[in-house]
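Data block below; observations after.
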Amino acid sequence: MKKQSNTPEKTVKKEPHSSYIEQFSACAELETRLIPDIHGGGKPAMKKVAFPLLAVPKDMDALQKRFGCPANVLFTSAFGITISIWGADTKAFFPTGGGQWPVLVEWTPEMPLKELLAKRKKQQELVLSGKGYSYADCVRDTEPGVSAFFDGPDDPEAEIGDDALAFRMTAGKNGTFQMECRYRADQYSEKILRQFTDSFSACLLSMGKAETVGELAFLTDAQLKETDSFNPGPFSEDPDLTLLDAFRENVKRFPDHPAVVFQDTTLTYAQLDQLTDNLAAHIATLVKPGGVVAIILN
């Protein structure tokens, strides 16, 4: 991959231990963040971990040829789409290059991938030339009507704070990429960071065939194989079948198969059926027939 003198890679190329590729940092209060999977994890402590990416240089070369944009536009776009998906959103705001350059990635499922990358490329050109697109612009586009100043993190080894989660891509000597994660161990587990890194890899690789953002993939082949095992048999094609009907069908056919997996906990269809029946019975003692029950999904 060619490196231009005005790209973020060149600016931070001096790191001796690895070839710098791209850095995605947290930014004040409006940054796009991963939802912590650890609560009440004890005393704040910073840790670092690195995971290999499935995408390799030849994959990036093919993507650059297909879309006609530099690697960092592809990386930041894929990162923005992936982290917004994880946050159940359609936009992501974060700084790169050690906090020097703001990035806003906004999309719809129908949006052509070429259009999204062209917008991101133009945004980056404005930032690097100093002719436009500042942090204030990012904040304005992220939440119109909000007036605030946001400064990117100057030091990747900054004090522990609420925004202590950063990702950095590096290239190893064997021609592979890896994602380095600096994170608060009282908020995030290595497992969720690995899963996010795998999603990012899947997104990058699926850019090779996808035409729209909605066609991108966020599960690796291994993850797809695991989820496919949840429904080992063919599903009924009855168009009138509700989600509850489908669940009850699986309870009868595959009671001992996994229905829910979260971290190190797995519930079978039979166990989940029992738990939901217990919850429904409890709600019935509190709410009269026809009453409204609010459900929060997070």
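Quick notes
Rundown of residues vs (1) hydroxyl-bearing (Ser, Thr, Tyr); (2) in a loop (DSSP other than H, G, I, E, B); (3) in contact (Cβ under 8 Å) with a residue 40 or more places away in the chain, yes/no style:
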{"residue": "193", "(1), (2), (3)": "no, no, yes"}
{"residue": "198", "(1), (2), (3)": "no, no, yes"}
{"residue": "225", "(1), (2), (3)": "no, no, no"}
{"residue": "237", "(1), (2), (3)": "no, yes, no"}
{"residue": "241", "(1), (2), (3)": "no, yes, no"}
{"residue": "247", "(1), (2), (3)": "no, no, no"}
{"residue": "251", "(1), (2), (3)": "no, no, no"}
{"residue": "283", "(1), (2), (3)": "no, no, no"}
{"residue": "295", "(1), (2), (3)": "no, yes, no"}
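- Among (1) touching a helix residue (DSSP H, G or I) at 6+ places or on another chain (Cβ under 9 Å); (2) loosely packed, with under 14 Cβ neighbours inside 10 Å; (3) in the same structural domain as residue 105 (by TED's automatic domain parsing) - the single one residue 263 does not satisfy: (3)
- Which listed residue is part of a strand (DSSP E or B), of a type in the set (Ser, Thr, Tyr) and closer than 23 Å to residue 230 by Cα, from 276, 266: 266
- Residues in the range 175-204 that are among the aliphatic types (A, V, I, L, M) and surrounded by fewer than 21 Cβ atoms within 10 Å (Cβ to Cβ) were compared, and the one that is farthest from residue 268 (Cα to Cα) is 185.
- Hits in the range 167-220 (condition: more than 17 Å from the chain's Cα centre (by Cα) and under 26 Å from residue 108 (Cα atoms)): 208, 209, 210, 211, 212
- Scanning the range 216-256 for residues that are under 30 Å from residue 74 (Cα atoms) and surrounded by 14 or more Cβ atoms within 10 Å (Cβ to Cβ), we see that the one that is modelled with the lowest pLDDT is 223.
The values are calculated or read from the model by the stated rules, or taken from the named source; none is laboratory data. All values reported here derive from a predicted model rather than from experimental measurement. Every residue, glycine among them, receives a Cβ derived from its backbone with ideal geometry; neighbour counts consider all protein chains shown.
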